[in-house]
Amino acid sequence: MIAPAPASDKEQIPEVVDDQEEVDDEIGGNPQKMVRESKKKKKKKKPKKKKPVQSDPPRVGLSKFFTNGVYPEGEIQPYKDDNSWRTTSEEKQYLEKITNEDPETTYSHIRRAAEVHRLVRQHARKHIRPGMTMTEIAENIEDGTRALVEENGLDAGVGFPTGLSLNNCAAHYTPNAGDKTILKDGDVLKVDIGVQVKGRICDSAFTLTFDHTYDTLLEAVQAATNTGVREAGIDVRLGELAGLIQETMESYEVEVGGKMIPVKPIGNLSGHSISLYQIHGGKSVNLVRNDDPTKMEEGEYFAIETFGSTGRGYVIESGECSHYARKVDAPHVPLRLTSAKSLLNTINKNFGTIPFCRRYLDRIGESKYLLALNHLVSQGIVEDYPPLCDELGAMTAQFEHTILLRPTVKEVVSRGDDY
C-alpha cells in the first residue's frame, strides 16, 4: 500500500509547457543553436591566390608570371618583295607550327630570354647613373638576369659577360675583380646584355649618355641598327645589307665644340648569326659595303648590331682582357699543367661554349687561375676577347637586336618599348 502525499497549505500549480518549445525539442532543440551549427557546416572559401608582383630590382622568376610557359612574341615584320608570299603560305605556316611545337626548336626559349632581357634592361636604364662603379652596374644586371631566368646550369642563365664599354672602347669590356672604374657625367656607356635559355641566346645592346653632346651619335647608330633589322630577311645578301647600314649611319654628323664630325661605322666590327650555345654562329653582318654573297637563310637567328664612332672608325685590342669562351671546335691537345686540366673541367661544367669572364670564375670559387687560363688560350682551346677600342678622344655607340627569320615572318625578339 502506498502512503498518501502529505497535505500542502497551497494548491499546487501545474507547470505550463510552451507548445513551440515542445516542437523545438522534437526537432532538435534551440533554433539559434541550429543556425550556428548550420554555419559551421558550410565550407570555408579558399582565399584567392594573389597575383605575383615583380620586385624592384627585379628578382622574381618569370615562371611565376607565365605559368603556361607561353612568353610574349617579339615585334613581327612581314617579309618584303620576293618573299612576301611566305606570310600566307599554308606550307610555311605548317612548318612554323611543327617547328614551334618541337621542344628542341621551339620559339619559347628565345622569347623567354628576350622577356628577361627587357625587364633587366628596363631597370638598368632607370638606375644607371654617374657615380656608380662598373662592378655595381654589372652585378646588378647579372643578378637580375640570373633571378628572372631562374638560372639552372647550362639550361638557363647569363648569355655572356655584361659589356660596359666606355667612350672610345666599343666592345668586350667588363670589369675584372678590383676594377674601381666609376661612371662619369660625360661618359658614353655601351650596355650589352646576354640571356640564354636552352642555348638560345638573346643578344641586345643600347647606349647611355648623361649630357646631350653625343645624342646625335646615338641617334645615328640606333637608326643604322633599325635599317639593318628592317632590311634583313631570308635570301638577303650580307654584303648588300652592310651597305644599307653604312649609308644610314654616314648620313649623320655630330656637333662637338662647334665642330661638325661625321659619324663613321666601325669597319672591323660586325653583327653575326647566333647558333645554339654559340654567340658567333659563323656568318657576319659587316657595317661597310662589301662583296660577301652569303645569304641569310630560313630559321636562322641574327644579332643585328651596329657601332658608330666620331674617331677613325677602326678598333684595336687594348687593355686588360676579361672576356673568354671555349672554342666550339677546340682541339684535343695534351695539357701539361694540372691546373689547366682542372680549369677546363670547370669551364666545361659551368659554361660549355657560352662566353664567360674572370668575375664568373671568381663567383664559382676559382682562384689563382690566370696561368691556367692563359695556357688554355695558348693551346687554342679557349679564345680570349680583349677590349676593342678606337683612338683616344673618340666616342663610340652601339645598338643591337636579335632577330629570328621564321618561315612566315621576321620576328625581332628583343624589341621593346625602349628601343
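Checked against the criterion of being touching a residue at least 12 places away in the same chain (Cβ under 8 Å), closer than 30 Å to Leu183 by Cα and among the acidic types (Asp, Glu), the candidates Glu115, Glu96 yield just one match: Glu115. Scanning the stretch 351-382 for residues that are open to solvent by less than 20 Å² (accessible area, probe 1.4 Å), outside any helix (DSSP H, G or I) and among the small types (Gly, Ala, Ser) turns up Gly352, Gly380. Listed by position, the helices (runs of 4 or more DSSP H) contained in the stretch 1-105 that have at least 1 residues being modelled with pLDDT of 50 or more and not aromatic (Phe, Trp, Tyr) are 31-41, 90-101.
Within the stretch 179-226, the set of residues being more than 15 Å from Thr396 (Cα to Cα) and open to solvent by less than 10 Å² (accessible area, probe 1.4 Å) comprises Leu183, Ile193, Gly194, Val195, Gln196, Val197, Gly199, Ile201, Cys202, Asp203, Ser204.
A single entry from Thr338, Thr346 fulfils the requirement of being at pLDDT 95 or above, closer than 12 Å to His375 by Cα and not assigned by the TED database to the domain that holds Asp179: Thr338.
Within the stretch 267-321, track down each residue that is polar (S, T, N, Q) and open to solvent by less than 60 Å² (accessible area, probe 1.4 Å).
Selection gives Ser270, Ser273, Ser275, Gln278, Ser284, Asn286, Asn290, Thr294, Thr306, Ser309, Thr310, Ser318.
Could you please let me know if Ala340 is part of a strand (DSSP E or B) and in contact with a Leu (Cβ under 9 Å, 6 or more places away or on another chain)? When the stated conditions are applied, Ala340 does not pass them. Cβ-Cβ distances below 7 Å connect the following pairs, each with a first residue in the stretch 56-73 that is over 14 Å from Asn100 (Cα atoms) and among the aromatic types (Phe, Trp, Tyr), a second residue that is open to solvent by 40 Å² or more (accessible area, probe 1.4 Å) and in a loop (DSSP other than H, G, I, E, B), and a separation of six or more residues or different chains: Phe65/Pro52. Annotation note: of Lys49, Lys126, Lys97, the sole residue that is surrounded by 10 or more Cβ atoms within 10 Å (Cβ to Cβ), more than 24 Å from Thr162 (Cβ to Cβ) and among the charged types (D, E, K, R) is Lys97.
The values are calculated or read from the model by the stated rules, or taken from the named source; none is laboratory data. As the structure is a computational prediction, the values presented were derived from the model and not from experiment. No Cβ is skipped: glycine too gets one built from the backbone with ideal geometry, and neighbour counts run over all protein chains shown. Just so you know, the surface numbers come from the protein's heavy atoms only, side chains and all, with ligands and any DNA or RNA stripped out. Shrake-Rupley method; radii C 1.70, N 1.55, O 1.52, S 1.80 Å.
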